[in-house]
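S.K.: Dumping the structure here so I can ask a few things about it.
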Amino acid sequence: MASAVALAIVVYSCKTNLGEAEKLDLARIPLQTVDSMFFVQSENGRLKMRVEAPRMEVYEYDTLSYDLFPKGIHVYGYTEEGALETTIVARMARHDKYPKRNEELWSAFGKVVVRNIIKQETMETDTLYWDSKKSEIWTDCYVRMYSPSGLMQGYGMRSDEMARNAILMRPFDNEFILESDSTKVVIDSVNFIGPMPKK
């Protein structure tokens, strides 16, 4: 009698564990996870690009494999002389690889900021794509571009991967809201020398 009860308990516990295992979605589990990811790309012994991320998750399928950066990414691009020229920062990123087509595409999401340090230009958008084969970056989202000459904004942007020649595809006029009048003059009636203004 006691052995029958023990057997029933074992069978029940195994059934519960199998139920939990059946709930696992293997497509959502990364093949590999890397914390404090850092890699460098060089060309002919010259530093070309540096990428840093707090976390990288690797997923692989038959037709597509991708690297996910759920905690954000920092990308640094360098000139041929080795000077830092461009930075890209985003809250999340993904690197899709299509082995059968020999293609790949980088995507950055969530407050993407692109800076060209040499030209002193900054672009802000929500989504940015980078094709390393074509050496270009682009977006179809809203973009704000800051430069020493002022602010530009619009929808859609195309540029080379170093953000040297960014072009807004659908720019629109800027509208400014004046929060305080910087030309307002406050007169100190105690220390003022000269005639008082007429009221």
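The values are calculated or read from the model by the stated rules, or taken from the named source; none is laboratory data. Because the structure is a prediction, the values reported are computed rather than measured. All Cβ positions, glycine included, derive from the backbone under ideal geometry; neighbour counts span all protein chains shown.
S.K.: So, in the range 131-151, exactly how many residues are exposed (fewer than 10 other Cβ atoms within 10 Å of the Cβ) and assigned to a strand (DSSP E or B)?
M.R.: Residues flagged as exposed (fewer than 10 other Cβ atoms within 10 Å of the Cβ) and assigned to a strand (DSSP E or B) within the range 131-151 amount to 1.
S.K.: Residues that are at pLDDT below 90, exposed (fewer than 10 other Cβ atoms within 10 Å of the Cβ) and either under 19 Å from VAL75 (Cα atoms) or aromatic (Phe, Trp, Tyr) (or both): does the range 161-169 have at least one?
M.R.: The answer is no; no qualifying residue exists.
S.K.: Could you grab me the full set of residues in the range 86-111 that are surrounded by 15 or more Cβ atoms within 10 Å (Cβ to Cβ), assigned to a strand (DSSP E or B), charged (D, E, K, R) and within 13 Å of the chain's Cα centre (by Cα)?
M.R.: Residue satisfying the conditions is ARG94 alone.
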